[in-house]
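Colleague: Please find one structure pasted underneath; my questions will follow.
The values are calculated or read from the model by the stated rules, or taken from the named source; none is laboratory data. A quick note: this is a predicted structure, and the numbers were derived from the prediction, not measured. Here the Cβ positions follow ideal geometry from the backbone for every residue, glycine too, while neighbour counts run over all protein chains shown. Areas reflect the complete protein model, heavy atoms only, side chains present, ligands, DNA and RNA absent. Shrake-Rupley method; radii C 1.70, N 1.55, O 1.52, S 1.80 Å.
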Amino acid sequence: MKTDILILVPAAGAPSRTHGRDKLLECVGGEALLRRQVRVAGASGAEVLVTLPRHAAGPRAEQLDALPHLRVAYVDPSDEMAASLRAGAAAAGAAGARGLMLFLPDLPGIETGDLLRMIDAFAEAPDLCLRAMTEDGRPGHPVLFPARLFPALAAVADDTGGHDLLAAETVRPVVLEGARAVTDLDTPEAWAVWCAQTGL
């Protein structure tokens, strides 16, 4: 299935909060988290743009070999989220996409079905921002921006730009199962508990 949504997976930031280990290379179900998330995104039928750190992509870039529906952009890691949003907006605009989905790669519970749920909801309200939410009402990710906001996304100057943009918009929530929209694992201990609970 092809969609006219571009999915942005921002993976240009420095390895963070996992006792010196790169969280995006942690193993989930037998593959690195970054590769899993990009594969999950590509299975939606949407084109996927992954941003990687310029001059330091290394092992993260290796995880992307042979994945379909994939483009890569190299950005300044010191300006990681803003630079990723700018790259995503430019790519989505050039592709004539109706929307840009921001899919953070460190949410290991997200499945392709969740992304398709977002895409289906966007088809019903293509001028609104959509944001995933937990069953108990906590806002999370992914977030889907309509094409009319691409110019604003292309001009964000810092890592609060996306949040500020959302705060000024009418946002339609899309409820995902359980807490998967906010499940972000930051320590090896949290990874061990989550893998034991999920069997991955």
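Colleague: Considering only the stretch 90-200, what is the antiparallel percent among its DSSP beta bridges, to the nearest 5?
Modeller: 60
Colleague: Ordered by residue, what ³J(HN,Hα) values in Hz, to whole numbers, does the stretch 61-70 give under the Karplus form 6.51 cos²θ - 1.76 cosθ + 1.60, where θ = phi - 60° and Gly and Pro are x?
Modeller: Result, rounded to whole Hz: 4, 4, 6, 9, 4, 6, 7, x, 6, 10.
Colleague: Also: Send over a whole-number figure in Å² for the accessible area per residue of the chain, probe 1.4 Å.
Modeller: Per-residue value: 43 Å².
Colleague: Then there's this: Of all the accessible heavy-atom surface of the chain, with the other protein chains kept in place and a 1.4 Å probe, what percent is carbon and sulfur?
Modeller: Answer for the chain: carbon and sulfur cover 54 percent of the accessible area.
Colleague: Just GLY99, GLY113, GLY58 to compare: in a GNM of the chain, with alpha carbon springs under 10 Å, which one fluctuates most?
Modeller: Judging by the Gaussian network model, the answer is GLY58.
Colleague: Set the Förster distance to 41 Å, then compute FRET efficiency between ARG54 and THR170 from the Cβ-Cβ distance, nearest 0.05.
Modeller: That pair, ARG54 with THR170, gives E of 0.70.
Colleague: Sort 65-73, 23-31, 44-52 by packing, meaning the average of other beta carbons within 10 Å per residue, with the highest value first.
Modeller: On the way: 65-73: 14.2, 23-31: 15.8, 44-52: 23.9.
Highest-to-lowest ranking by the protection proxy: 44-52, 23-31, 65-73.
Colleague: Sequence-distant or interchain residues sharing an amide H contact under 5 Å with VAL174, placed H: which?
Modeller: ARG131, ALA132, MET133
Colleague: Right, next: Determine the calculated [θ] at 222 nm for the chain from helices alone, applying -39500 (n - 2.57) to every DSSP H run no shorter than 4 residues and normalising by the residue count; nearest 500 deg cm²/dmol.
Modeller: Numbers: 7 runs with 66 residues, N = 200.
My calculation for the chain gives -9500 deg cm²/dmol from helical runs alone.
Colleague: Taking R0 as 35 Å, what's the FRET efficiency between LEU67 and ARG148 from their Cβ-Cβ distance, rounded to 0.05?
Modeller: Working: r = 30 Å, r/R0 = 0.85.
The computed FRET efficiency comes out at 0.70.
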